[in-house]
Amino acid sequence: MKGPLVKAPVHLAAPPFLPNGLKRFVSLRTKFVVFFSLIIILTCSGMSWYFIHSKRIAMTERVQDLGSILVKNLAHNVRYGIILEDRVILEQFIDGVLGVDEVVYAQITGADGQVLAAKSKGKLKTPLGTVRAGDQPFYPASSIAALLIKHPAPEPTVTRLRLTGESTIPLEDDDSALRVSTPGIREETFYDFALPVLKRAEPRLEALALQEEETHKTRTAPTSQPAFGVVQIGLTEVPMQRELAEVLRTFLLLTLGIITAGILSTNLLARRIITPLRNLAAGARKVGEGDLSTFVVPTTQDEVGQLTALFNVMTKSLQERNQAISANLETIRRHVTQLTTLNQSSAAITSTLDLDRLLSTVLQLLSENLGFARMVLFLWDSERGIATVGQMLGMPPEAEEAARRLAIPVHEDGGFAAEILLHGKPVLVPNIEIVTDRISPAVLPWLRQVGLSSFVAAPLRSQQRILGYLGADRGAQPCTQEDLDLLVTIASHVAVAVDNARAYTELATLTEHLERRVQERTQELQTVNERLQDHDQRRSKFVSVASHELRTPMTSIKGFVENMLDGLTGQLSERQEHYLQRVKHNVDRLTRIINQLLDWSRLDVGRIDIKPEALTIDAFVRDVVESFQTLAAEKSITLDVLPCEQPLRVYADRDKLEQILWNLVGNAIKFTPHAGHVSVRCSAHDASFAQITVADTGCGIAADELPLVFNEFSKVESAMPTSQGAQLGLFITKSLVTLHGGQMWVESRVGAGTQFSFTLPLAATQPTQQ
C-alpha cells in the first residue's frame, strides 16, 4: 500500500498581472452583481407600478359602484317626496346620504328645473384634507339635470368634475390622471351621479340587486318616459387619493428595502461563488506550469466546492499517473533483466552439451538475475515411475545430501507430483501448510527441513514428453504468478538442453519465441501508456465541461423561476408562465447533465460504493414507476407494471436500483411518441438472478448503433434528437448493474420500440447479513 501524499493546503489568490496578449476584462463578479441588481431593480419597480396602478383602478371602480348604488337607492326612496314636493322628507333622505364619507353633496331637482332640496358639505379647507368649510357649499351645474329632464335615461349618468375656485369643470371620461392643485386654489376632483325619477312605475329595487348591476357604465340609451325630477349625488376622490398616497409611500419604502437587500445579497453570493473560482483558476495555472502538488482548499459545499474537490482528485490522478509511469519503467527494466537472463541461458545451452555443466550454469544464472533463493531440478523416470534430484542450487550441504537420496514415487493420487509429471501442469503453491495433503510424504519432511514455505514448479516438456520439472522459491517472500510464468519459460529451455537430439532446433524456435514475447510485452506497455494518456484526456474534457456548466449559478436561477411560478412576484400572464416553464425545464435538464457527469467521474475513479439489502422487487418497481404516471399521462402514454410470476427478493442497493429504474423508465417515456405504451416486468432469470425488463413502443435504435448505446459520450443517432442529453445515462446505468454483479443488454427495432433488460442477484443466493 502506498503512503498518502503530503500536500500543503494553500489559498491561491488571483494573479496581479494579465498574460501577454490578453486585454483587461470586466470581472465575472462585477457582471454578476450588475446583472442581478438590474433584475431586482426592474422587477421591484415593475411590481410596484403594477400594484399601485391596479389599486387606483380598483379604488375608482369602488367609488363609481358606491355612487351608482346610492343614487339609485335615493331615487327610489324620494319618488313620492318629489311628487308631493315635501322638502322635509327630501332633506331627511339627503341627510342620510350625506352620512357616507365620500358623499360631498346631494341635490334633488324637480321636473321644472327648480331645486327641491340640496345640501353640501362644502369645500376642503386644505388640499387632501378632511375638514370642509360648511359655509362654502358647491353643487354641480344645472345643465346636467336639465339635460336628463329633457332626455331621461334609466341608468345613472356619471360625470367626472373638478372643483377649481368657484366653479366645477367637467373632465373627459377617460381622463383618470391625478390633478395637481394650483397653489392658492383648493382643487378637488369628484364624480357626479345623476339619475332621473321616471313617472312610469319601476320594478322594486332591492339593495342586493342594485349591488350586482354593472355601475361602471356612464352612458345609457335615453327613454321616452317623462321624469318627475333628477337626483344628483357627488362623491369625492380625496379619500381615495389619501389612501393611494399612503400605499405609494409604503410601497416605495418596501421597494427600496427589497432592492437594497437584494443588491447586498447578490454581492455576498457573488463573492462566495467567484472567490473559489479564482482560487481554482490559479491552481489550474500552476498545474499547467507543471506543479502537480497543487492543492486548492474547498471553501464551499456547493457545485463549486465539488468542482474544487474534483480538481484536487485530478491533480492526484496526474501524480498517480506519473507514479504509474515510473512503475511501468521499473517493470520494463525488470523484464529487460529477465529477457537478458533468458538470452544468457540460451547462450549457455548452446555452448555445451554437458548436462551437469549446462544445468549448473542455467540455475546459477536464474538465481543471480531473477532473484530465486533456491532452485532444484527433478528428473522423471517414466519406466520406474519415480522422480529424483538432478541438480540443486542454494541448499545447505546436509539438505543437499538428503535430497540426493530422495526417490519420489509418482502415481495418480491427486498430488502435485502427479499433476506436474503425469499431466504436465505447472504449480504455484503460496503456502505449503494448507496443501500438505497434496505433497508426497517423502518430500514434505525435506521441505520443512530447508524452511520452504512457498514454491513454483514447471514441467520439463520436450517433443510431447515430460522429462522432469524445475522448482524454485524466493525464501521468505511468497511466490507469484509472474514467477510461475517465468519459470515455465525457463523450463522449456532446460527441457531443450536435456533433449540433446533437438537442442539446436529447439534453441532457434525459442529465440524466435523470445523475440516475439519482447515485442508483445513492448506493445502491451505501449498500450498501457496510451490508455493512461486517453484517461488523462477524458478527465481533462470532463473538468472543462463541468467548469463551463457550473459557472452559471444554477440554484439561484431555478429558485427565482420557481418563486415567480408560485406567484410570489404577482400574477403571471399565460405567455410569461410558458416562458418560465421552458426556463425551468432547461435548468432541470442542465442539472441532470451535470449530475450525470459527476456520476461518470465517480465511476471513473471508483468512488461509488453500494450498500445492498434484501428488497421485494415487485413492490419496489411499482413504487418507482408510480412516480412516472403523471409524466406519462402528459403524453397520453400507457405505463404498466406487469405482475411477477412469483415473489422475488433481490439483493441490491435501494438508491442505486431506484436510479437504474429512473434512467430506464424515464428514457422509455422520453423516446416514446404520443399515445404509446411502456411496460415494466420482472421474472426469474435463473436460479441465482432476477430479471427486470423495461419495454417501449418508441422510435427504436438502429442495429448498427446497438453496440454503442452503453458507451460513454456515444453519438448514437436518434429519431428524437431534442430528447438526447449528455449520453451518459445508459453507461452509468450499466455500470451500476455491473457493481451489483448483474448484466444488462438491449433489444430494439427501428420504428417498433426498444427493450432494456438487466439482472440482479436474488437475496436467497447472498450470505445473511448479521
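Taking every alpha carbon pair in segment 616-665, what does the distance histogram look like in 5 angstrom bins from 0, in percent?
Calculated P(r), rounded to whole percents: 4, 18, 28, 24, 16, 7, 2.
What accessible area per residue, rounded to a whole number of Å², is obtained for segment 224-328 using a probe radius of 1.4 Å?
47 Å²
Provide the packing ranking of 373-382, 103-112, i.e. peptides ordered by the mean count of other C-beta atoms within 10 Å per residue, highest first.
The peptides rank, most packed first, as 103-112, 373-382.
Among 753-760, 130-137, what's the highest-first ranking by average C-beta atoms within 10 angstrom per residue?
My ranking of the peptides, most packed first, is 753-760, 130-137.
Whose amide H sits under 5 Å from the amide H of residue 455, counting only residues 5 or more places off or on another chain, with H placed in the peptide plane?
Here the answer is 429, 479, since their amide H atoms fall under 5 Å of that of residue 455.
Give me the net charge of residue 308's neighbourhood, meaning all other residues with Cβ under 12 Å from the Cβ of residue 308; Lys, Arg count +1, Asp, Glu -1.
-1
Work out how much length residue 253 to residue 556 would gain on full extension: take 0.36 nm times their residue separation and subtract the Cα-Cα distance, in nm to one decimal.
Here the answer is 106.6 nm.
Considering all projection directions equally, how large on average is the shadow of the alpha-carbon convex hull of segment 607-698, in square nanometres?
6.4 nm²
Take segment 225-308, drop everything but the C-alpha atoms, weight them equally and run the Debye formula without solvent; then report log10 I(q)/I(0) at 0.18, 0.21, 0.26 Å⁻¹ to two decimals.
Debye curve over Cα of segment 225-308, log10 I(q)/I(0) at q = 0.18, 0.21, 0.26 Å⁻¹: -0.88, -0.99, -1.16.
A 28 angstrom limit on the alpha carbon distance is what I want to check against. Which of 31/656; 55/123; 72/123; 119/150; 55/558 exceed it?
31/656; 55/558
Considering all alpha-carbon pairs of segment 46-118, what whole percent are spaced by more than 13 angstrom?
70 percent
The values are calculated or read from the model by the stated rules, or taken from the named source; none is laboratory data. Here the structure is a predicted model, which is why all the values come from computation and not from measurement. Note that we place each Cβ from the backbone using ideal geometry, even for glycine, and neighbour counts take in every protein chain shown. Note: areas computed on protein heavy atoms with side chains; ligands, DNA, RNA excluded. Shrake-Rupley method; radii C 1.70, N 1.55, O 1.52, S 1.80 Å.
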